[in-house]
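See below for the structure under consideration.
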Amino acid sequence: MAEYDAIADEYAASKLLPWRVHVEQPTLFGLIGDVRGKSVLDLACGDGIYARMLADRGAARVHGVDLSGGMVDLARKAEAARPRGVTYSVSDAADVQGLGQFDIVVAAYLFNYAQDRAQLARMADSAFRNLVPGGRLCGVNDNPRTCAERYRYYPEFRFIRYIEKPQREGSSITWSILPESGDACIFDNFWIAPETYCDTFASAGFSDFRFVDAQVAPGEDAAPFEAFLDDCPICGIAARKP
Ligand SMILES: C[S@@+](CC[C@H](N)C(=O)[O-])C[C@H]1O[C@@H](n2cnc3c(N)ncnc32)[C@H](O)[C@@H]1O
């Protein structure tokens, strides 16, 4: 995805912001749980930030896939600098095959790139195909359950989220994130109705597809993130392959 080739450095800087670390990460890893000895496929792995964390947490095999050659180059550079055995390929997440089946498929901000039901279905089918029976899909996503008037500026979190109006499936959602240093990181994703997510993942064969409210880590003080969590622009996603 050419858009990410151009913003790879700004994107990496945005991952250091407190809401990324204290809300996004615990939401995702809370769903993923214990990965020791497990095989994990990271769809839309970006620069490999979560692939590396999964390897560091003891996953037996981690493979990352992303459409952006620039992001995968960064991921491979990080692997070369500190080898963890993580492998990567450049591909559309909807077309992944031939890698074998994984215990867990992670999708951090993949599905919000689907511009319509058909594209979401291809992504969901791919996630399903690449899981072992009993395997789990875990992710974080732009939260499609917020209504149009709740897309807004989160000044204390250096984050603006704007949706194209009138809101319809395929409306673009612009994220503007201002890292603590460096240039703003601005990119688009797309809105698909929550019911369409539920129907599409059920049609792909998943059981128990659900959106999960974002959270801080258990035992951590949520107060600094109240304004973010209260009207939360991100959510978790979870489903299981029967
Ligand atoms: C917001 S970034 C998330 C990267 C990483 N998962 C993370 O959380 O830092 C979204 C990523 O999705 C990738 N992407 C978008 N559409 C994709 C597709 N159809 N297949 C694979 N990757 C895709 C982009 O290239 C980009 O790296």
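The values are calculated or read from the model by the stated rules, or taken from the named source; none is laboratory data. Computed from a predicted structure; not experimentally measured. Cβ coordinates were reconstructed from backbone atoms using ideal geometry, including for glycine residues, and neighbour counts include every protein chain displayed.
Condition (residue is in a helix (DSSP H, G or I) and touching a Cys at 6+ places or on another chain (Cβ under 7 Å)) applied to the stretch 68-76: is it met by at least one residue? Yes, the stretch 68-76 contains a residue that is in a helix (DSSP H, G or I) and touching a Cys at 6+ places or on another chain (Cβ under 7 Å).
The residue of the stretch 109-130 that is nearest to the chain's Cα centre (by Cα), among those that are surrounded by fewer than 22 Cβ atoms within 10 Å (Cβ to Cβ) and within 15 Å of ALA238 (Cα to Cα), is TYR109.
Among all positions in the stretch 199-206, there is no residue which is on the phi > 0 side of the Ramachandran plot, without any contact (Cβ under 8 Å) to a residue 60 or more places away in the chain and touching a strand residue (DSSP E or B) at 6+ places or on another chain (Cβ under 7 Å).
So that you can scan it fast, the table gives a plain yes or no per residue for (1) within 10 Å of the ligand (Cβ to nearest atom); (2) part of a strand (DSSP E or B); (3) surrounded by fewer than 17 Cβ atoms within 10 Å (Cβ to Cβ); (4) modelled with pLDDT of 95 or more:
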| site | (1), (2), (3), (4) |
| --- | --- |
| GLU79 | no, no, no, yes |
| PRO83 | no, no, yes, yes |
| PRO133 | no, yes, yes, yes |
| THR146 | no, no, no, no |
| PRO166 | no, no, yes, no |
| GLY170 | no, no, yes, yes |
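When residues of the stretch 59-77 are filtered for being of a type in the set (A, V, I, L, M) and either on the phi > 0 side of the Ramachandran plot or near the ligand (Cβ under 9 Å from one of its atoms) (or both), how many remain?
First, pick out the residues of the stretch 59-77 that are of a type in the set (A, V, I, L, M): 59-60, 62, 65, 67, 71-72, 74-75.
Pick out the ones that are also either on the phi > 0 side of the Ramachandran plot or near the ligand (Cβ under 9 Å from one of its atoms) (or both) and you get 65, 67, 71-72.
So the answer is 4.
Is it true that ARG150 is among the charged types (D, E, K, R), more than 17 Å from the chain's Cα centre (by Cα) and within 17 Å of VAL21 (Cα to Cα)? Judged against the criteria, ARG150 is not a match. Going through LEU99, LEU41, LEU16, LEU54 one at a time, which residue ends up being assigned to a strand (DSSP E or B) and either more than 9 Å from the ligand (Cβ to nearest atom) or touching a Lys or Arg at 6+ places or on another chain (Cβ under 8 Å) (or both)? The match here is LEU41.
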